[in-house]
Structures are given as C-alpha cells and as structure tokens.
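The values are calculated or read from the model by the stated rules, or taken from the named source; none is laboratory data. Only a predicted model underlies this, so the values are computations on that prediction, with no experimental measurement involved. Reconstructed Cβ throughout: ideal geometry from the backbone, glycine too, with neighbour counts over all protein chains shown.
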Amino acid sequence: MTAPAAATPVLEAQDLAKRFPVAGGIGGRGRVVHALNGVSLSVAAGETLAVVGESGCGKSTLANCLTGLMAPSAGSLLLQGEDAALMLRREPMRFRRRVQIVFQDPYASLNPRRTIGDTVGDALRIHGLAARRERRGRVGQLLAEVGLAEEHLDRYPHELSGGQRQRVAIARALAVEPVVVVCDEPVSALDVSIQAQVINLLRDIQRRRGVAYLFISHNLALVRHIARRIAVMYLGEVVEIGTAEALGRRMLHPYSRALFAAAPAIGRPSHDPPHLDPGRPPPLSGDVPSPIDPPPGCRFHTRCPHARPRCSAEAPALRLVDDRLVRCHFAEEIAGHG
Amino acid sequence: MMGLLVFWRRFRRNRAAVAGLAVLLLVVAAAIIGPVLHPIDPFDMIGRPTQLPSARFLLGTDVSGRDILAGLLHGARVSLVVGIVASLVATAFGLLVGAVAGYYGGAVDNVLMRCTDFFLTIPSFVLAIVIVAIFQPSIVTVTSAIAAVSWPSVARLVRGEFIAQRDRDYVRACRALGMKDREIILRQILPNALPPVIVVSSLMVATAILTESGLSFLGLSDPDVISWGYQIGVGRTVLRVAWWMSAIPGITILVTVLAINLVGEGLNDALNPRLQQR
Amino acid sequence: MTALLEVEGLSVHFETARGVVRAVEDLSFAVERGQTVALVGESGSGKSTAALSLLRLLPAGASKIAAGRVRLDGRDLLALPPRQLRDVRGAQVGMIFQDPMMALNPVYTIGRQIAETLRLHLGLAGPAAEARAIELLRRVQVPAPEQRIHQYPHNLSGGMRQRVMMAIALACRPALLIADEPTTALDVTVQAQVLALIDELKAELGMAVLLITHDLAVVWETAQRVIVLYAGRKVEEGPVGRILTRPRHPYTAGLLRAAQWAADGDRLAEIPGTVPSPHAMPPGCAFAPRCALAEDRCRRQAPPLRTLEPGHVAACFRAEEIAP
C-alpha cells in the first residue's frame, strides 16, 4: 500500500445526513430527529481537523458515522478514495483497521472485567496482527508508546487513574495501525493537569506515525492549539470551517463568535462577569432548539443577535467568505462590525 | 483468583447468608453421604406403619411402615438434583434468549420477548402440571417442566442487562475494532451481565425445589423415586393422627428453601456494585 | 465585623477498608458578606468533601469530621443540634450541585418542590406558595414559569434544571450560596448564562457565594478570592487577580498554565505524574513528586502556609522563586 499524496484526504464525508425516527408516545409517530444535515468535511493524512460544538450539535452522531458504527441516512463517506459503505459491507476488517475511535469517558470505554493486556490484545488478535506468543510483548510495546509500563498489563481498569485509562484506550486504537483516529472529546473527562499530558501524547503519536485525527471537542481554546483546521457545528450543520489560524484571528459566524465569547478565559482585560464586559457579546439566550423540529431557515436564527426576516425564511448555504466557509447570509456585514 | 477472596470477604459480612450457606452445605452433605451412613431403602416396609420417632426409627415410619429418615435422605438427592439441574437449564436457555434479544434489539427482540411473555402470563405451576401430565412423569420430564417454566424470568433479566451494556463505550470500541457479535456477547458483555443472573438463578433453585415438591405431592412425579413432596403427599391422609409424617419433610423443605434464599440475598449483596464501598 | 462564614482547622476523614483517608486536612478560610470565594482543585483535592461537611451533609458512618469549627454568623454549625441545623440548611445557606437531577425529585413537579421549601422554612402554603414559586422561577429567568411549575424535572433541559435548583436555593434569601461545580455539566453558552445569573442575584440579595470548581477560568470571571486545594490541603490562597496572574505555589502555577493551554516549546505545558493515592500520601509536601522545584526538605517535611503578602498565603518553601 502506497502512501496517498498529501492533498488526498484520508477520510472524506460528503453531504452526510443522519435522521433517527423518534420512538415515542401517542401521536409521536412519524417524528424524526435530524441529527446531521448535509455535513461535508475531510481530513488529510497526518493532519488534525477539530469539530467544535455544544451538546445537540451532532458531533457524536458524526463520530459514529465516520467510524462506521452507524450508517448515515444520506451522503457518502470515502476512506482513502474508496466508498466506505461498500467497504464495510464487503471487507469490514479493512475499514476497521484503518479507522479507529477514542471515547470521552475512559471509565466507560474499557471493559471493567478485562485486564489492560486483554483489552489491547483483543485488537491485535481480531486483526491477526500478532501470534499468541508474541502478543504480550507487542501489547507491552504499545503500552510503552503511550507512557504506561509493562506492569500495567495485568491490571484491571479500576486500578488505574483516569489519565492512565485514556492512555490504554489510545493504545487499543493504535494497535491496528489506523490511518485516522476519531477522538470524541478525549480529554474533557480528565483533570486539567492531566489533559495537557494526553494532548501532548496524541501529538507525539501523530508526529511519529503520521496518523490523522478528527478531534471532537466543545473547547474552542483547546482546539485552536492543536488543530490545523476547525469546523464549528450547530444543530447538525457545519456553520463555519477554516484553518485554525483564520478562525483564531476572528470568527465570522454569529454562533462561533458567541461560543468563543461565552467560554470564560483567564486574563480578559477586566475580570468582571462577562455580561458586564463591554467589549464582549452578551451570552446567548435560551437553549439549543430540539433537533426533532429544527427551526426553518437558518437553524441558528432563534438565538442569533443579528437575525433578520430573511434568516427565518431562507436557509443560508455554506459559502466562501474571505479565507473560510461560513453558513450565514450576513457574514460580510458582521465581519465589518468587529 | 483475586476476585474470589474479595467476594468472600463481602459475602461474609452478611451473617444470615453465612448461616444459610452452612445449612445448605449440611443439606448437601446429608444428600451425598446420608444414604451411605443410613443404608436403608426408603421404599422397604421395615416396620409397623405410623410409628412415632424412636431409637430404631429416628423419625418414625409412614403409613406403609417405611423409614421416614431414609426417605428424607434419599429425597434430598432428588430435590437438590432436580432443583439445581432445572435451574442450570433454565439459566442457560434464558441467557441465550435474553442475550440475543437484548443485543440485537428490533424485530429479533420483539419475537423473542413475545414468546417469553407468553410463558410468563401462564401460571407456572399450572404449566408445569400440564407439561408433566402430557409426558410420562419421570425425573427428566419433571426437571424439564420446571426448567421450561423458569427460563422466562432469566431471559427478561438478561435482556435488560444487555440493553444497558450494548451501547456502552467499551462495546462500541469492540465494534469499531471489528469484533464479531458472538465474541462481544460472550466475552465482553456476558461477564458484566452475569452477577444479577447468578443471584436470580440461585434463588430459582429454591423455587424449583418447591415446584418439584408440589408436583410430587400431587403424585405427578417419578413413581420410582422418593422425594420430599411425595412424603408429604403420603402423610396427607393421616394428617390428623400423625401430623409429624407431613411436618418433617415440610420443615425440611422450608429450611432448605430459606437457606437458599439467604444465600441468594448474600450473593446479591456481594455482587451488587452499588452496595460496594470504595 | 466578623466574616459571614469562618472555617477553622477543618479535617474530614474517611474510614476505608485500606485505612483512614484524610480527605480534608486542617483547612481554614473565611467568606465575607457579599463576596464570592472559590475553592479550586482537581478530583481528589477534597473540595467537594469540604463543602459538604460545612453543613454536615456527608454520608454518616464512613466519614468523620475529625476536627475544626465552622461558624456561620458566629454560630458553630458543627456543634448545632440537628433540628437547628436543618433550619440553617435551605434558610440561611442554599446549595446547588453539579447534577440537578440528583437533587430534584423526579416524581414531583418542580412547582411542588419549590413550594415544599417555602412551606418548611417560611410557612407558606397554597396559592401564596405557588405565586412565590412562579415569582422565583421568573427571577432565575425561567421562561413561562406559570406553565413550568406543572412540569417534572425530566421535561427540562440541563440549564433549566440548574435554574430550578437555584430558585429552590434562593427561596429564603440565604446569606450564603454554596455552589458545587454548578456549571460543569452545562454547555459553555448555558454556563455563561448561569454564571451571569448567579452574579446578578448575588448583587441583588447581598449574598455571599462559595464556589467549588475545577475551572480556573470560571474563577477568574466570578470570584474575588480563591483557595487552591491539593490532596486535601490548602496550598495557596489570595485575591483572584493576584493568584491567577502571579501564583506563588508550583501547583497553582502549573494548573494555570495547563488551564490556559500554555505552550512549552511546541508542546502544551503539563504537570507530570498524577495526584497521589489517598492511601499512599508521600511524606512531606504532597506535590513534591510532581514538582520541578522539589528538593530534599520538600520530601521530608510538609511546608507550612506562609503569608507572602497581606491576604496571600502559600505552602511552599520556594514560593519566592516561582516565576509568574
């Protein structure tokens, strides 16, 4: 297998949509959750793409679709140029070896009744990557690569700390030598002092192995430090996508701006509460609308401080504005404001 | 194994369960070595009928002059074997149905659970009578009948456990690795689903013993073997003049069932993670 | 005038199968009226244990308040008989938690749960209680409160539940609000709403807030004073503006750099190692095994809290050497 050219995406989603029927009470028949709607994005070899959003934005559904744990309702997924749906049907193990996932909660993602050695060894065994006699040694190497010791082989998950468990989960994903790893909030369940350790580990692994990450997070400040490109999602849609540099300079979509402004940050000029800080947009009002009946037009218009009649009538397309793609009718105008 | 020692330490905390276990071990010992130490055929008419307990017949004789103690010891074998085998069979079948229904969900779940509900809605003792009555009463048919009416509760429980586990991240990670369903069910989820099942099937042994006694009492058991229920049935006709004849096997059933229930409770406490202190 | 809440030498121990765990050890601090004080620490730091023990809310049996005094308005809460303590809870001190679902009863409507607090502490009942409940919900910015009082907790979003908890906590206009990780489970945009609301209510009611959190950025934006806990002990305390710009304890400094995703070359700054197991506390300074400045005496003896400047204390032998 030859390495793909730098420009070729390893994993590419085209117009991905996912709808779930709502199982529900009387009169609930025929209702549908629109979890993903027309999501297109791609990750190049060895790169990190961050997907940012709050609960209900569809990022977990996206992770499930990208890793073949869920079949999308529409759209297509390409793995190194090949149709993933087809590959999952005909040669599922080829797909599984190349795309792996690391979950948020390291307490839930390891089987409590299996030792660390068993859990990581399972990955090798299923894919026939190490004969029974070599397996233990190979697992030891993988544990060493994620900063754990040989002695952890025979431990159970409850004997490890949260950070150590997340390292085990990373070792399990790496065992099959994937080309892309979907990291679903991999550090948000960890203590602050441990988060940086795990991020540094992921970065070291990327340098060494050239693996691509799709990094899902709710933390804009974090992803600006680790991603080459960032996609911001709201209610199942990508609302802004561009390089970390461009988005770090300024955000154009009103939701991205509100998300960034809402995150507390140490060292903002006055350490007054955000709503008293004159230079900062006020916090968004209300909750994220239900994805069962997403608002017509622009899905953000119910909470948008810049909303106008056109926004509730006509859904904006994702279009190029300056150096990024934005899903907003008035992006240029908003950019002009600030 | 390290788990066993921890388990025993937790189990030990419940005094009633330890007492239950002691009684149960006594019953098991009596069933195994009793007939050897007291080598009398329980069907032999060896004395005058309806005797009070005496030095010669420690627990007296029944209406046909048979030794009640011998009957009790041989009956212990039958009761325990029927109880344990029926529970094992019911547990195995319930595990299979529950695991498949819970893991796959959807139409498979629907079909399997409708079958399970069908069995659950018929009173189990009546169903057991019908099954034994259709086939010839024998140890095998009685055991099968009891297993047939016991598995649905296991299936229900296992299904619930599997539904709770199947979307946990560790299972999703196994799926993302391409692990086969059979392996996920057997190796990954089953060990996590097992603790409550162990409790339920241990309690099921008690129910099975009661059901078997009920069937024998009604004369619906193997005519060639003696059992506690059969002994009560024999004593029933002379209850007003020789109450002990029914009372002795009756109390034995009560004590055994109680002991099993106490052990089951103890297992529940020891295996239930919510009660475990850090 | 004395402080509203004064905690002196508080120690909380847990009996476990593997020995006594000293969850909180010799903790002292004060909360002034109208002030927000943050208790900051990671998991295992003892911050929640400390907060719960102020109102003796820890599960009885396994835990024991080994020493200390907790004075609210001059009254020692740890010596109060249970009846009077119940009056303090809810009436003088309100509490909100990370997970409102744990504190709200799923089988009662939220109107009934608010009314219950009003009945217990204020003797309000019937229409008066309902009217007050609606008013409280409106005050915590719950839209359409007249309809909401008939709903159950599971009908509400996380942010709305946290507001309902706040309505219950504030029903009796308490002098002190204890907020244990109130926004950790919420999305950032909702977190901003809830923090702004706490701040508004604080100003309006003249209430003091004891905020328990792991998030230094939240501390920066809401608190005036901050107490940093590590492995059950206070390692640093001072005004937020100082501690979060010029920390004098290596742990605070490391936490701060981690929280800001500060770069260390091309890597993020990290604190190596993990929090020590409560069953195997190192002798000397608990942070020494993870500290770049640790020297022999740090491993032998625990550094005492030293006043570096008025109102700023730190427990480190080498506090002066720490670069901002």
Scanning the range C:212-229 for residues that are modelled with pLDDT of 95 or more and out of contact with any Pro (no Cβ under 9 Å at 6 or more places or on another chain) gives C:227, C:229
Of the residues in the range C:1-49 that are among the hydroxyl-bearing types (Ser, Thr, Tyr) and more than 17 Å from residue C:92 (Cα to Cα), the one that is modelled with the lowest pLDDT is C:16
Condition set surrounded by 12 or more Cβ atoms within 10 Å (Cβ to Cβ) and not β-branched (Val, Ile, Thr), scope the range B:26-37, selection farthest from residue B:70 (Cα to Cα): answer is B:26
Considering the range C:66-92, residues that are buried (at least 18 other Cβ atoms within 10 Å of the Cβ) and touching a helix residue (DSSP H, G or I) at 6+ places or on another chain (Cβ under 8 Å), and then whichever is modelled with the lowest pLDDT, we arrive at C:90
Selection from the range A:114-135 of residues within 17 Å of residue A:164 (Cβ to Cβ) and among the β-branched types (Val, Ile, Thr) yields A:115, A:116, A:119, A:120
Among (1) in contact with a Ser or Thr (Cβ under 8 Å, 6 or more places away or on another chain); (2) facing another protein chain (nearest Cβ under 8 Å); (3) modelled with pLDDT under 90, residue C:160 falls short only on (1)
Filter pass, residue B:6 being over 30 Å from residue B:150 (Cα atoms) and assigned to a helix (DSSP H, G or I)
yes
Picked from the range A:209-219 (must be more than 10 Å from chain C (Cβ to nearest Cβ) and touching a residue at least 60 places away in the same chain (Cβ under 8 Å)), the residue nearest to residue A:287 (Cα to Cα) is A:217
The residue that is surrounded by the fewest Cβ atoms within 10 Å (Cβ to Cβ), considering only those in the range C:164-195 that are assigned to a loop (DSSP other than H, G, I, E, B) and more than 14 Å from chain A (Cβ to nearest Cβ), is C:173
Filtering the range B:203-238 down to residues that are closer than 18 Å to residue B:129 by Cβ and among the β-branched types (Val, Ile, Thr) yields B:207, B:209, B:211, B:232
Selection over the range C:235-276 where residues are within 16 Å of residue A:198 (Cβ to Cβ), assigned to a loop (DSSP other than H, G, I, E, B) and not small (Gly, Ala, Ser) yields a count of 6
Within the range A:122-131, the residues that are surrounded by 19 or more Cβ atoms within 10 Å (Cβ to Cβ) and under 19 Å from residue B:185 (Cβ atoms) are A:122, A:123, A:126
Given the criteria farther than 30 Å from residue B:151 by Cβ, without any contact (Cβ under 8 Å) to a residue 12 or more places away in the chain and charged (D, E, K, R), does residue B:48 qualify?
no
Restricting attention to the range B:38-74, the residues that are of a type in the set (Val, Ile, Thr) and crowded, with 18+ Cβ neighbours inside 10 Å number exactly 2
Counting only residues in the range A:66-93 that are more than 9 Å from chain B (Cβ to nearest Cβ) and assigned to a helix (DSSP H, G or I), the one farthest from the chain's Cα centre (by Cα) is identified as A:90
If we keep only residues of the range C:270-283 that are surrounded by fewer than 18 Cβ atoms within 10 Å (Cβ to Cβ) and free of Cβ contacts under 8 Å to residues at least 60 places away in the same chain, then the residue farthest from the other protein chains (Cβ to nearest Cβ) is C:283
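Please determine whether any residue of the range C:6-13 is among the β-branched types (Val, Ile, Thr) and out of contact with any Gly (no Cβ under 8 Å at 6 or more places or on another chain).
Within the range C:6-13, not a single residue is among the β-branched types (Val, Ile, Thr) and out of contact with any Gly (no Cβ under 8 Å at 6 or more places or on another chain).
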Of the listed residues (A:259, A:222, A:201), the one being at the interface with chain C (Cβ under 8 Å from one of its Cβ atoms), touching a residue at least 40 places away in the same chain (Cβ under 8 Å) and of a type in the set (A, V, I, L, M) is A:259
Per the list (1) out of contact with any Asp or Glu (no Cβ under 7 Å at 6 or more places or on another chain); (2) part of a loop (DSSP other than H, G, I, E, B); (3) surrounded by fewer than 16 Cβ atoms within 10 Å (Cβ to Cβ); (4) modelled with pLDDT of 85 or more, residue check on residue C:60 breaks on (4)
Quick check: anything in the range B:63-70 at pLDDT below 80 and touching a helix residue (DSSP H, G or I) at 6+ places or on another chain (Cβ under 8 Å)?
-> yes
Exactly one of A:187, A:239, A:232, A:176 is outside any helix (DSSP H, G or I) and away from chain C (no Cβ under 14 Å), and that residue is A:176
Within the range C:300-308, is there a residue that is exposed (fewer than 14 other Cβ atoms within 10 Å of the Cβ) and in a strand (DSSP E or B)?
-> yes
In the range A:234-255, anything over 19 Å from residue A:291 (Cβ atoms) and hydroxyl-bearing (Ser, Thr, Tyr) is listed as A:243
Going through the range C:204-220 in order, the residues found to be surrounded by fewer than 19 Cβ atoms within 10 Å (Cβ to Cβ) and free of Cβ contacts under 8 Å to residues at least 40 places away in the same chain are C:204, C:205
Scanning the range A:144-173 for residues that are more than 13 Å from chain C (Cβ to nearest Cβ) and either outside any helix (DSSP H, G or I) or modelled with pLDDT of 95 or more (or both) gives A:144, A:145, A:146, A:149, A:155, A:156, A:168, A:169, A:170, A:171, A:172, A:173
So residue B:55, is it over 30 Å from residue B:265 (Cβ atoms) and either more than 29 Å from the chain's Cα centre (by Cα) or modelled with pLDDT under 80 (or both): yes
Q. Looking at the range C:214-233, is at least one residue within 11 Å of chain A (Cβ to nearest Cβ) and among the basic types (Lys, Arg)?
A. no
Just one listed residue, out of A:113, A:97, is within 21 Å of residue B:166 (Cβ to Cβ) and within 8 Å of another protein chain (Cβ to nearest Cβ), and it is A:113
Could you tell me whether any residue of the range C:247-267 is touching a residue at least 24 places away in the same chain (Cβ under 8 Å) and surrounded by fewer than 18 Cβ atoms within 10 Å (Cβ to Cβ)? no
Taking the range A:190-216 and the residues there that are among the β-branched types (Val, Ile, Thr) and not in a loop (DSSP other than H, G, I, E, B), the one that is modelled with the lowest pLDDT would be A:192
